[in-house]
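J.: Please find one structure pasted underneath; my questions will follow.
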Amino acid sequence: MNASLLINENHRIQTQQLDVPPRLLLGPGPSNAHPRVLQALGMRQIGHLDPQFIELMNEIQSLLKYAWQTDNPLTIPVSATGSAAMEGTLANTIEAGDVVLVGINGYFGHRLVDMAGRYGADVRKLTKPWGEVFNLDELRAGLEEHRPAILALVHAETSTGACQPLEDVGDLCREYDCLLLADTVTSLGGVPLLLDEWGVDMAYSGSQKCLSCPPGIAPFTLGPRAVNKLSQRKTPVPNWYLDMALVAQYWGTERTYHHTAPINMNYALREALRLVADEGLEARWARHRHTAELFWEGLAEMGIKCHVEAQYRLPSLTTVCIPEGIDGKAVTRQLLANYNIEIGNGLGELAGKAWRVGLMGFNSRPENVTLLLTALKEVLAKEGYSAS
Ligand SMILES: Cc1ncc(COP(=O)(O)O)c(C=O)c1O
């Protein structure tokens, strides 16, 4: 074929070598990947059934179990983003008509409702205002009223910045013979999270938040009670790609081909998880808290409030109340254009009311707090804000 037929005067394709600005990603995610993770991402490829890759898969599983503090054998990365791992938990454990109770106190609770409904669940809702969390009595009352097969809660609500306490919720679920599902997308690797101790039966996460790996690979785990529900299904999992009975053969001892794992994303995730293990979970959680506290103190000095009560505030994601009379989007636009700093606008109920600031993984460092606060002060001064 003559290339001039494809690229001629009328269809000239003019591209330049890819270049992007050096953004500091302090929004709700993705965060900037750690340099060691980016280096691993660019490593030469091997085949996905190569003995060396199989060894690497084993390492990822062990490192993930550490990061999540679980012994679940079915702990793997899904070859897709967090939403696919989210869908995977539901697709594998819901059978048509199962009652699924979802705690909705932000955007991602609604996504769980949408997904669970698509798998034929009889979805019930427990709701709270955005930014608040459920206490044990409220959860008990919900379980008592609805008697669900699954209780789904978002541990770290990226839309609100609230951290849902999960201690004792697993015990409660066992009392009601119900599985506990936790969304840990914005907590894994940044916020205390003890899956087995808390009795979480299934969880998913993302690579692009506190793990500081690019998006595209998503941690997933099913505990023994959830695996039991999967193995007792009367109908096949209605999603071929996410059917863990099949995927587990790929990640289990057989290593039977299921799909072609994204080799380089697995290199990247392995390095991200190695960084978690090198630092140690407790030190990492303390670093995230320390950095967030510096940020919260700086905001307070500027007379700016946080949306979530201090006790339930996520160290990884802060919803910052936009001061009266300030155009929030104008501020985020200027931070990006003039300072190369990305922060997020509010979602849903918090649209126009809050900014979302992520201090996650590699980005959770005091110098980033100083940079952001300095830039924010300058932009807000231009917008006419003065601390009262
Ligand atoms: C709490 C929460 N759950 C689920 C998701 C979905 O993950 P992804 O965008 O990687 O598909 C996100 C993404 O931001 C999230 O913050």
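J.: Report, ordered by the first and then the second residue, all pairs with beta carbons closer than 6 Å, sequence separation of six or more or different chains, a first member in region 196-213 that is closer than 12 Å to A226 by Cβ, and a second member that is among the aromatic types (F, W, Y).
T.: Cβ pairs passing all conditions: Y204/F220.
J.: Of all residues in region 136-152, count the ones that are closer than 25 Å to G346 by Cβ and out of contact with any helix residue (DSSP H, G or I) (no Cβ under 8 Å at 6 or more places or on another chain).
T.: 1
J.: Got a sec? Which strands (runs of 3 or more DSSP E) wholly within region 22-130 have at least 1 residues that are under 29 Å from T332 (Cα atoms) and aliphatic (A, V, I, L, M)?
T.: Because the criterion is at least 1 residues that are under 29 Å from T332 (Cα atoms) and aliphatic (A, V, I, L, M), the strands (runs of 3 or more DSSP E) in region 22-130 that meet it are 99-104.
J.: Something else: When region 85-113 is examined, which residues are found to be buried (at least 20 other Cβ atoms within 10 Å of the Cβ), of a type in the set (A, V, I, L, M) and either within 8 Å of the ligand (Cβ to nearest atom) or touching a residue at least 40 places away in the same chain (Cβ under 8 Å) (or both)?
T.: Passing the criteria: A85, M86, L90, A91, I94, V100, L101, V102, L112.
J.: Please specify each residue of region 60-84 satisfying the condition of being out of contact with any strand residue (DSSP E or B) (no Cβ under 9 Å at 6 or more places or on another chain) and open to solvent by less than 20 Å² (accessible area, probe 1.4 Å).
T.: Scanning region 60-84 gives no hits.
The values are calculated or read from the model by the stated rules, or taken from the named source; none is laboratory data. As the structure is a prediction and not an experimental result, all values here were calculated from the model. No Cβ is skipped: glycine too gets one built from the backbone with ideal geometry, and neighbour counts run over all protein chains shown. Protein only, heavy atoms only, side chains kept; ligands, DNA and RNA dropped before computing areas. Shrake-Rupley method; radii C 1.70, N 1.55, O 1.52, S 1.80 Å.
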